[in-house]
Number of protein chains: 4
Amino acid sequence: MPKTIKKVGVLTSGGDSPGMNAAIRSVVRTCAYHNIECLGIYRGYQGMIEGDFKEMGPRSVNNIVNKGGTILKSARSVEFRTPEGRKKAYDNLVKAGVDALVVIGGDGSFTGGLIFNSEYGFPVMGIPGTIDNDIFGTSHTLGYDTALNTVVDCIDKIRDTASSHNRLFFVEVMGRDAGHIALNAGIGAGAEEILIPEEDLGLERLLDSLQKSKASGKSSSIVVIAEGDKIGKNVFELKDYVEANLPEYDVRVSVLGHMQRGGSPSCFDRVLASRLGVKAVESLLDGKSNYMVGLQQDKVTLTPLEQAIKGKSEIDMELLRVSDIMST
Amino acid sequence: MPKTIKKVGVLTSGGDSPGMNAAIRSVVRTCAYHNIECLGIYRGYQGMIEGDFKEMGPRSVNNIVNKGGTILKSARSVEFRTPEGRKKAYDNLVKAGVDALVVIGGDGSFTGGLIFNSEYGFPVMGIPGTIDNDIFGTSHTLGYDTALNTVVDCIDKIRDTASSHNRLFFVEVMGRDAGHIALNAGIGAGAEEILIPEEDLGLERLLDSLQKSKASGKSSSIVVIAEGDKIGKNVFELKDYVEANLPEYDVRVSVLGHMQRGGSPSCFDRVLASRLGVKAVESLLDGKSNYMVGLQQDKVTLTPLEQAIKGKSEIDMELLRVSDIMST
Amino acid sequence: MPKTIKKVGVLTSGGDSPGMNAAIRSVVRTCAYHNIECLGIYRGYQGMIEGDFKEMGPRSVNNIVNKGGTILKSARSVEFRTPEGRKKAYDNLVKAGVDALVVIGGDGSFTGGLIFNSEYGFPVMGIPGTIDNDIFGTSHTLGYDTALNTVVDCIDKIRDTASSHNRLFFVEVMGRDAGHIALNAGIGAGAEEILIPEEDLGLERLLDSLQKSKASGKSSSIVVIAEGDKIGKNVFELKDYVEANLPEYDVRVSVLGHMQRGGSPSCFDRVLASRLGVKAVESLLDGKSNYMVGLQQDKVTLTPLEQAIKGKSEIDMELLRVSDIMST
Amino acid sequence: MPKTIKKVGVLTSGGDSPGMNAAIRSVVRTCAYHNIECLGIYRGYQGMIEGDFKEMGPRSVNNIVNKGGTILKSARSVEFRTPEGRKKAYDNLVKAGVDALVVIGGDGSFTGGLIFNSEYGFPVMGIPGTIDNDIFGTSHTLGYDTALNTVVDCIDKIRDTASSHNRLFFVEVMGRDAGHIALNAGIGAGAEEILIPEEDLGLERLLDSLQKSKASGKSSSIVVIAEGDKIGKNVFELKDYVEANLPEYDVRVSVLGHMQRGGSPSCFDRVLASRLGVKAVESLLDGKSNYMVGLQQDKVTLTPLEQAIKGKSEIDMELLRVSDIMST
């Protein structure tokens, strides 16, 4: 029979993403709602090792639902990869009276949680927080929807100047090894071509597409490129390649960079964070462990952490077709 | 055997919503992709009656994916409710060579399309465009996601001033008879209480909740109220009622109004519009008629227009619980 | 010879406005830069009476430059209008070691500061913080530029729906008895007509203008109305009047309300706040008192508080003419 | 006696900037207001040479006041640098009945206008349109205020992730050889250090400042760097230098890029554009030529084009001091 949970620890780990604060708020208030305590752990696993803690009540999380970043901060922890580091972390949690852990982060963070659970039997629940949407078991990770809006907003601005000058822009967006951001934001921003790691179009196809675009009367074009694209060239090399082969084009490059990770979360991300936080805490109270809460077909679900880590979040192939048709 | 479609007419009808232009663009470009013609019909059914048409090719819809409103404009048509009006509209379509119709709008617009189909056997497909999300057969209508972001952005601003002055704000949001906007934006904006038509909390409960909120140490509060709420008082009467019963509160009212219908669509709405436009045109080409394209469990689906009109889009009861927990 | 200042108190009073936090940050850091102490006073003069204080160092104001509202909160104080109230306030300041006061607010707040100075000889400097821009001695008050952007952003959204439906909108904006917001935001938003308290156009003129607008081929129109407009009718009565006299118009009303006071400050307001905070503190250190710091012809200046309170911030008449020409 | 102006040509040239469309609208409507004609010239001087013209009436510029970019498009013209090119341009203008020219652009565009005037006696007025604010004779160029808001909005997002991870970010902003954007947006965004071409701090000073910043308890830092900074290293070399000298820092680089040139103009830029357009046309009607309209000490003024081209727009040294104090 599972031990009764009296105090939940919550941490954010890995790259921050919009909605993490809303998730922290949800975990803290769900604990308060069920009359259990909640401990905030600063700087992820490193803070667990250093005992960098803060007791959190429902008023500790006032006015953060709309804030980007994470008030608990995030950090990498080399020490947590060692048994000694995890032992310190465990001792600190026990001393603080913590019975269970909610980890908000990506698959690296979940792996840390799984190992910790396997060594100490500590109940762990994961909440997927990353803008990259590259986690199996959830249609949306926290921050992904916000990042899409940030990207289309940036490309809308770039399009103003692109169409004023009849120019071609290559815009590089985030996504690690996944093309979710590039594909969705590319469609949303009306990109003429989208290069993602999941689909190797080849350079020939890109040249073809650009020539067709010009022939069809388009005077300016946006190509969205995922940072992890496997085309074998980075975005600046790609510019050189295209200019060498299509001298009529004057290519400009824009790498959107870290601003994609920040900003006030969208309504979608705030609501999702609230739902996932409730489910994470209540699942712990139900005696569950080693699951990731996520959204599947609009419902909050549980996926074993192991599957979440190993599984692959697939690109929706329908969207590639939609993208092709839209650039007619 | 269905007649081959050679030319599709597209119109927007009813209240405009962000994403309608992206849907028009998608319809136009999907037609071009399949080498069929496309006719833009201005001002909804009224423009059909008046023959207010424009031939549209893929370049006619450049740079509108990010624009609010509808370039085809919208209008109510009393005349289309008469057989004579519909006869004129039919004659105009035939004269223009149009074989099929895509109607972007709400259930009133779909009803018009159904009647038109029943009288003239004209193939009709519907795309749900309204910020209210009150249409059966789709988890999201076009513009709903954008409206949610607009509302939370407004309430974030109101919260700045609410928390600077320790005040209580009543914020009225749109949604006709549905509480979708109020419930989701209320959770997203961190509202202390949300009043929606689907759930009659009663006035007592509201007073209770506000008292509890003050007792719990909250110094400012936001109450989100759906315009169609059945509590029996409008938002200004509600203010008077609360101030009479809880004299410690100084209530301010904000009615967000029509700005909720405008603005550049979110990435979600742009992608959804693109997907639905493709499906609408390709379904017509497949010989289908009298369906609404929609999104269900993340997939693009077809729902008979009759069901879309008669069915009710239900509130997710889980969200009411999440809202309660969040206001701990 | 003036007493050496060793500790400055800072408070925000009256309606909050975007940029107040940036001004607090500037006051606090300018004190630190000059190695003097700074005391934050919560809830304006009421907090002074209640001794609701907080010592502030440069790190107390991290990450607030971009936040709307005021971290020191604001409140009205009836008690400060009494000699007894002011005595308590004075005693608290003395006890806390405070030598001088920076008051961020509008003319009501400055009047309180002047009286306090006259009774206790306490050095006082004012920083003009209000969105209404109705203070003599500064071309821009803190928050005014941000409010203008908020208003044009809202009207841009309303215009989407106005032009989709060929409708007339009356949009009421803030400004107390001053038309600055209405006039500038009206020009910025492309309003067809702007009604401000400083200029009584009369109702006939409004009807004329609307008829001319329709005749000139405009299919939709926005009229911006200052809340303090003296036309003798509120915005809803105006709607009834216009609809009675110009039945071809279907008028919609939108009252933008309190959101105009919130939101992240514009770059202009943040820089202005930073400049004014420096000048306020350094003027106190120079032995000055009873001045308001402000911006005049792009330079930071001092205006005697008495003049700032009594003077009138005039509308730029050139702008009225520009507005007329723009609605051609 | 100057020839009566009956038709004004308007063009945009050089890099586009937000507010150019609002200026075009103002020129067109001011012409209509004074009952003279207006000709839109596409793609700057190149379109003048090619006769790429469009007659513009007051309704041609509906709904563009809030659009970024330029509907008249912009282009570089090598041909206009030749007497033959200018001859063609002149002949086209004469054929089209154009009597005078309004050039919206930067100093390169003004130089073209001056030469054209010297050769053909054609009346020319300039409107300063560039985000860089590097033009003498105006406190603000069109688009500058908007770009500042775009930059602070981006840096606010970057700060979310910087403070979540206790990181140092180098953010490169536009401005050609001028530090206006970097200095103002740097203060607005709360940057710890700002590197501008006008002030060579030297690399030592940067290291000092970063060390002091860490010592003072700041856990994350933003350094804003103007693209034209003369420190002798580009932003990536600067990162390497700092990481080599201050190994405790993990530096991230973000180059904001072209998005700074786009976006919906701020209220300030829209109002400024409206004012400058009126003045430009009315000055031509008054028989003036070879001036740039600008804003000086809040008033619309005329500066001889020659001075505008040769003069230097100076950085406000007070702001450097404010920036220093703010990073205390």
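The values are calculated or read from the model by the stated rules, or taken from the named source; none is laboratory data. Small disclaimer: the values here were computed from a predicted structure and weren't measured. Counting neighbours? That spans all protein chains shown, and the Cβs are built from the backbone with ideal geometry, glycine included.
Numbers below:
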{"item": "Criterion: within 14 Å of chain B (Cβ to nearest Cβ), more than 30 Å from C:Ser139 (Cβ to Cβ), of a type in the set (A, V, I, L, M) and in contact with an Asp or Glu (Cβ under 8 Å, 6 or more places away or on another chain) - qualifying residue of C:Val255, C:Val235, C:Val251, C:Val224", "result": "C:Val251"}
{"item": "Close pairs from region A:267-287: first more than 9 Å from every other protein chain (Cβ to nearest Cβ), partner among the acidic types (Asp, Glu), Cβ under 8 Å, at least 6 apart", "result": "A:Leu272/A:Asp145"}
{"item": "So D:Thr138, is it touching a residue at least 40 places away in the same chain (Cβ under 8 Å) and in contact with a Ser or Thr (Cβ under 8 Å, 6 or more places away or on another chain)", "result": "yes"}
{"item": "Residue count, region C:113-130 (criterion: part of a helix (DSSP H, G or I) and surrounded by 24 or more Cβ atoms within 10 Å (Cβ to Cβ))", "result": "1"}
{"item": "Filter result for the condition that a residue is outside the structural domain of B:Thr301 (by TED's automatic domain parsing) and within 22 Å of B:Pro197 (Cβ to Cβ), over B:Phe110, B:Phe136, B:Phe170", "result": "B:Phe170"}
{"item": "Close pairs from region B:187-207: first over 20 Å from A:Ser264 (Cα atoms), partner of a type in the set (Lys, Arg), Cβ under 6 Å, at least 6 apart", "result": "B:Pro197/B:Lys230; B:Asp200/B:Lys230"}
{"item": "Residue within region B:195-216 that is buried (at least 20 other Cβ atoms within 10 Å of the Cβ) and touching a Gly at 6+ places or on another chain (Cβ under 7 Å) present", "result": "yes"}
{"item": "Checking C:Gln260 against (1) assigned to a helix (DSSP H, G or I); (2) modelled with pLDDT of 95 or more; (3) within 14 Å of chain B (Cβ to nearest Cβ); (4) farther than 30 Å from C:Ile127 by Cα, the condition it does not meet", "result": "(4)"}
{"item": "Filter result (touching a residue at least 24 places away in the same chain (Cβ under 8 Å), surrounded by fewer than 17 Cβ atoms within 10 Å (Cβ to Cβ) and part of a helix (DSSP H, G or I)) within region D:89-106", "result": "D:Lys95"}
{"item": "Hits in region D:27-48 (condition: more than 18 Å from the chain's Cα centre (by Cα), more than 15 Å from D:Asp99 (Cα to Cα) and buried (at least 23 other Cβ atoms within 10 Å of the Cβ))", "result": "D:Arg29, D:Thr30, D:Tyr45, D:Gly47"}
{"item": "Residue in region C:41-56 that is closer than 15 Å to C:Gly277 by Cα and either acidic (Asp, Glu) or touching a strand residue (DSSP E or B) at 6+ places or on another chain (Cβ under 7 Å) (or both) present", "result": "yes"}
{"item": "Residue check for B:Gly143: touching a residue at least 60 places away in the same chain (Cβ under 8 Å), within 14 Å of chain C (Cβ to nearest Cβ) and not basic (Lys, Arg)", "result": "yes"}
{"item": "Hits in region A:6-49 - residues which are out of contact with any Lys or Arg (no Cβ under 8 Å at 6 or more places or on another chain) and among the charged types (D, E, K, R)", "result": "A:Lys6, A:Lys7, A:Arg25, A:Arg29"}
{"item": "Cβ pairs under 9 Å, 6+ apart, first in region D:6-33 and in the same structural domain as D:Val278 (by TED's automatic domain parsing), second of a type in the set (A, V, I, L, M, F, W, C) and modelled with pLDDT under 95", "result": "D:Ser13/D:Ala75"}
{"item": "Options A:Val251, A:Val255, A:Val322: the member that is in contact with a Leu (Cβ under 9 Å, 6 or more places away or on another chain) and aliphatic (A, V, I, L, M)", "result": "A:Val251"}
{"item": "Region D:209-221, residues that are of a type in the set (A, V, I, L, M) and away from chain C (no Cβ under 14 Å)", "result": "D:Leu210"}
{"item": "Number of positions in region C:180-208 that are within 19 Å of the chain's Cα centre (by Cα) and away from chain D (no Cβ under 14 Å)", "result": "3"}
{"item": "Region C:247-262, residues that are of a type in the set (Lys, Arg) and buried (at least 18 other Cβ atoms within 10 Å of the Cβ)", "result": "C:Arg261"}
{"item": "Residue match in region C:163-173 (condition: more than 21 Å from the chain's Cα centre (by Cα), away from chain B (no Cβ under 14 Å), part of a helix (DSSP H, G or I) and not polar (S, T, N, Q))", "result": "no"}
{"item": "Pick from region B:168-187, criterion under 15 Å from B:Glu318 (Cβ atoms) and among the small types (Gly, Ala, Ser), ranking: surrounded by the fewest Cβ atoms within 10 Å (Cβ to Cβ)", "result": "B:Gly179"}
{"item": "Members of region A:131-167 that are surrounded by fewer than 24 Cβ atoms within 10 Å (Cβ to Cβ) and among the hydrophobic types (A, V, I, L, M, F, W, C)", "result": "A:Phe136"}
{"item": "Tally, over region C:12-31, of residues that are over 17 Å from C:Ser283 (Cα atoms) and touching a strand residue (DSSP E or B) at 6+ places or on another chain (Cβ under 6 Å)", "result": "6"}
{"item": "Some residue of region A:281-304 being in a helix (DSSP H, G or I) and buried (at least 24 other Cβ atoms within 10 Å of the Cβ)", "result": "yes"}
{"item": "Unique match (being surrounded by fewer than 22 Cβ atoms within 10 Å (Cβ to Cβ) and not charged (D, E, K, R)) among A:Ser60, A:Ser74, A:Ser109", "result": "A:Ser60"}
{"item": "Lone unmet requirement of (1) in a helix (DSSP H, G or I); (2) farther than 25 Å from A:Lys67 by Cα; (3) more than 10 Å from every other protein chain (Cβ to nearest Cβ) for C:Ser60", "result": "(2)"}
